[in-house]
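Working notes for the structure below.
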Amino acid sequence: MMAKEQLWRGKTKEEVMKLDLKDFSLLVTSRERRKLVRGFTVMEKALLKDIASGDQKVKTHCRDMVIVPAMVDKKLSVYSGKEWIPLNITIDMLGHRLGEFALTRKSVKHSAPGIGATRSSAAISVK
């Protein structure tokens with residue numbers, strides 16, 4: 001059985017990779033289209049240059065960068081404010097922002113209260 005071919009907005013990976021930035025911007029949402037039409041910042045241009053140079057893993061702080069076809073199948077590390085989150089860019093991520101995949105907050109995992117945390121916990125013996 002053959003692997004199912006991945007499509008993004010009705011286009012195969014090869015078709016998407018051939019698109020220039022203007023044609024790609026017509027396929028993304030209006031917010032991302034506005035970002036692409038306005039142009040990239042200096043940091044975003046430097047990021048695209050680093051990716052094109054073929055570096056194995058590129059680190060970036062550009063969380064608001066729109067993922068474009070030139071970034072597909074590349075490995076990036078996005079800074080979450082505390083640590084570097086490794087990302088493998090896939091075709092499903094196109095049109096999203098890098099920051100959407102590097103969360104800045106972790107979900108809280110509560111455990112048992114500590115000694116003295118409540119009025120009744122002061123009487124509990126320490127294990």
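The values are calculated or read from the model by the stated rules, or taken from the named source; none is laboratory data. Note that the structure is predicted; figures quoted are calculated from it, not measured. Methodologically, a virtual Cβ is constructed for each residue, glycine included, from the backbone with ideal geometry; neighbour enumeration extends over all protein chains shown.
Inspect all residues belonging to segment 28-42 and state whether any of them is among the acidic types (Asp, Glu), at pLDDT 90 or above and surrounded by fewer than 17 Cβ atoms within 10 Å (Cβ to Cβ). No, segment 28-42 contains no residue that is among the acidic types (Asp, Glu), at pLDDT 90 or above and surrounded by fewer than 17 Cβ atoms within 10 Å (Cβ to Cβ).
Going through segment 3-21 one residue at a time, which ones are assigned to a helix (DSSP H, G or I) and out of contact with any Phe, Trp or Tyr (no Cβ under 6 Å at 6 or more places or on another chain)? Scanning segment 3-21 gives Lys13, Glu14, Glu15, Met17, Lys18, Leu21.
Applying the set (1) modelled with pLDDT under 90; (2) within 14 Å of the chain's Cα centre (by Cα) to Leu98 leaves exactly one unmet item: (1).
For segment 8-21, the tally of residues that are of a type in the set (A, V, I, L, M, F, W, C) and free of Cβ contacts under 8 Å to residues at least 60 places away in the same chain stands at 3. Scanning segment 54-61 turns up at least one residue that is modelled with pLDDT under 90, closer than 26 Å to Leu103 by Cβ, surrounded by fewer than 18 Cβ atoms within 10 Å (Cβ to Cβ) and among the basic types (Lys, Arg).
The residues on offer are Ile115, Ile91, Ile124, Ile51, and the sole one that is of a type in the set (A, V, I, L, M, F, W, C), in contact with a Phe, Trp or Tyr (Cβ under 9 Å, 6 or more places away or on another chain) and either at pLDDT below 90 or surrounded by 10 or more Cβ atoms within 10 Å (Cβ to Cβ) (or both) is Ile91.
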